[in-house]
Amino acid sequence: MKKIALFLALLLAVILFFPISNLLGLQGENEPIPVVSGKSDSFVKVSPILQNKCVDCHSPGMTRMPFYAELPIAKQLMEKDIEQASARLILPKKLYSGEESFTPLMLARLEHVVHNDSMPPTLYLLMHWTASLSADEKKTLLDWIAEERANSPWSKDAAAALKGEPVQALPLTVDLDTDKVALGNKLFHDRLLSGDNTLNCAFCHDLSRGGTDQAKVATGIRGQQGPINSPTVYNAMYNIAQFWDGRAKDLQEQAEGPVANPIEMGAQWDDVVEKLKQVSDYQNAFVKLYPEQGLTKTTVTDAIAVFEESLVTANSRFDQYLRGDTAILTSDEMGGYELFKTNCASCHFGPALGGLSFEKMGVKQDYFKLRGGPLTEADNGRFNVTRQEKDRHFFKVPVLRNIELTYPYFHDGSVDSLAEAVRVMGQVQLGKTFTGDEIAKIVAFLKTLTGEYKGKPLTQLTAEDME
């Protein structure tokens, strides 16, 4: 801290003796990048803001450095700023020129920092006092973000005034091959997929229990305990990848894994295929639906994946709000949504309120130290897939649809209460201590996300409804 204070004192001395124009002189590319033709008027206004206020930290290789960039301390501070900024959001030339579009994740992260005045960081502004966003610039950015969301296919069912929200309504119908859905449903509930014919996919992903088993960790063949909590299968089609660590690229690849896992369903795929071939209904269905391939591991997992794509729990109370019934939510629920947007929507956005990025568990505070107990291999998260240290303790953001039913929470199933999960997330992810009233309002909002399956609220589903 003494070195930083000394550097700032020296910088102040430079300010006193040099003209401001010299102090702000930048090395590198200074000419603005033009916006490609055909972009909206909103983006034409946004691009200069991004170029003037963001790219120096968020666009490695295009960074314009001030004249004092090579001074001791300054160099290290700037390198750290650029490293941290690039880890969160990269703005290459193709984005701010309009050649490529911003993803929903980028929009969510931009919106979050604008709402929270967290970019540029305070220390950065001490050295670059002209880099802060003005009120007009903030409004320009937020209006453009809302416009981008309004033009997304995800927002097509929303009321006009709500098309720019970070959360979108789930579709009331999903266009799928109904025969494949029915076949996949049957396979999903068939115990022939396990090694000893005792388990099915629904054992860990019970559709009457929010698409989970409501247990801390999964229980597999012969009562073996798995290493991690079972994520919900509902609305999993919106995930960028499957499993907490994202090791499966899609639902079909995910369906393949548990069957052959020795501590999950404990089977061999060749054996499973042979067992299924002994069932005439399966043989007939696969000949009809997959005439070129018939009944194979590939077609079995495809049918299960198609069924899982159908597990969209539309028509929650919050969906009805997004479609225009603005009176359906209570004042506490609306207050919870406002708190949610400010604090949570940079990770939990989109139709499923999550599933679209990998985030570190414990951004502001060490979650694992707070939790206690030894670290497990499962705690490594995304690192187990990539083997890159930067991915250690990163997990796919869980979807929040039907969250009141998918307890216990987190990858380790360490928290049973939704209110406690909100408190912990505020502490370790945001560095915030939510008040009891704030937690109650956020929980009230989260409970409006519970949807329907087969026209019936998930809170009322029973095992008989699955037959």
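Scan the range 257-269 and tell me whether some residue there is touching a Pro at 6+ places or on another chain (Cβ under 9 Å) and not β-branched (Val, Ile, Thr). Yes, the range 257-269 has at least one match. Could we say that Leu329 is open to solvent by 10 Å² or more (accessible area, probe 1.4 Å), free of Cβ contacts under 8 Å to residues at least 24 places away in the same chain, touching a Phe, Trp or Tyr at 6+ places or on another chain (Cβ under 7 Å) and part of a loop (DSSP other than H, G, I, E, B) here? For Leu329, the condition - open to solvent by 10 Å² or more (accessible area, probe 1.4 Å), free of Cβ contacts under 8 Å to residues at least 24 places away in the same chain, touching a Phe, Trp or Tyr at 6+ places or on another chain (Cβ under 7 Å) and part of a loop (DSSP other than H, G, I, E, B) - is not met.
Selection of first residues in the range 420-442 that are outside any helix (DSSP H, G or I) and of second residues that are small (Gly, Ala, Ser), restricted to Cβ pairs under 6 Å at least 6 apart or on distinct chains, gives the following pairs, ordered by first then second residue: Lys432/Gly426; Phe434/Gly426. Summed over the range 247-285, the residues that are surrounded by fewer than 21 Cβ atoms within 10 Å (Cβ to Cβ) and closer than 30 Å to Asp391 by Cα give a count of 13. Of the candidates Ser97, Ser59, Ser37, Ser47, the single residue that is at pLDDT 85 or above and touching a Phe, Trp or Tyr at 6+ places or on another chain (Cβ under 9 Å) is Ser47.
Among the residues that make up the range 292-308, is at least one of them part of a loop (DSSP other than H, G, I, E, B), touching a residue at least 60 places away in the same chain (Cβ under 8 Å), exposed (fewer than 15 other Cβ atoms within 10 Å of the Cβ) and out of contact with any helix residue (DSSP H, G or I) (no Cβ under 7 Å at 6 or more places or on another chain)? There is no residue in the range 292-308 that is part of a loop (DSSP other than H, G, I, E, B), touching a residue at least 60 places away in the same chain (Cβ under 8 Å), exposed (fewer than 15 other Cβ atoms within 10 Å of the Cβ) and out of contact with any helix residue (DSSP H, G or I) (no Cβ under 7 Å at 6 or more places or on another chain).
The residues of the range 442-467 that are among the basic types (Lys, Arg) and within 22 Å of the chain's Cα centre (by Cα) amount to a single one, Lys447. Of the residues making up the range 443-467, those that are closer than 18 Å to Asp213 by Cα, in contact (Cβ under 8 Å) with a residue 60 or more places away in the chain and part of a helix (DSSP H, G or I) number 4. Looking only at residues in the range 189-215 that are farther than 18 Å from Leu251 by Cα and among the hydroxyl-bearing types (Ser, Thr, Tyr), the one that is least open to solvent (accessible area, probe 1.4 Å) is Ser194. Contact annotation: residue pairs with Cβ atoms under 8 Å, 6 or more positions apart or on different chains, pairing a residue in the range 384-397 that is more than 15 Å from Phe243 (Cβ to Cβ) with a partner that is open to solvent by 70 Å² or more (accessible area, probe 1.4 Å), are Lys390/Ala87; His393/Lys360. Residues in the range 412-429 that are open to solvent by 40 Å² or more (accessible area, probe 1.4 Å), in contact with a Pro (Cβ under 9 Å, 6 or more places away or on another chain) and not hydroxyl-bearing (Ser, Thr, Tyr): Asp416 only.
I'd like the residue in the range 150-172 that is free of Cβ contacts under 8 Å to residues at least 60 places away in the same chain and in contact with a Lys or Arg (Cβ under 9 Å, 6 or more places away or on another chain) and, out of all such residues, is surrounded by the fewest Cβ atoms within 10 Å (Cβ to Cβ). Of everything passing the filter in the range 150-172, Lys156 is surrounded by the fewest Cβ atoms within 10 Å (Cβ to Cβ).
The values are calculated or read from the model by the stated rules, or taken from the named source; none is laboratory data. Just so it is clear, the model here is predicted, and its values are computed rather than measured. FYI the Cβ positions are ideal-geometry reconstructions off the backbone, even for glycines, and counts take in every protein chain you see. With ligands, DNA and RNA removed, areas are computed over all heavy atoms of the protein, side chains included. Shrake-Rupley method; radii C 1.70, N 1.55, O 1.52, S 1.80 Å.
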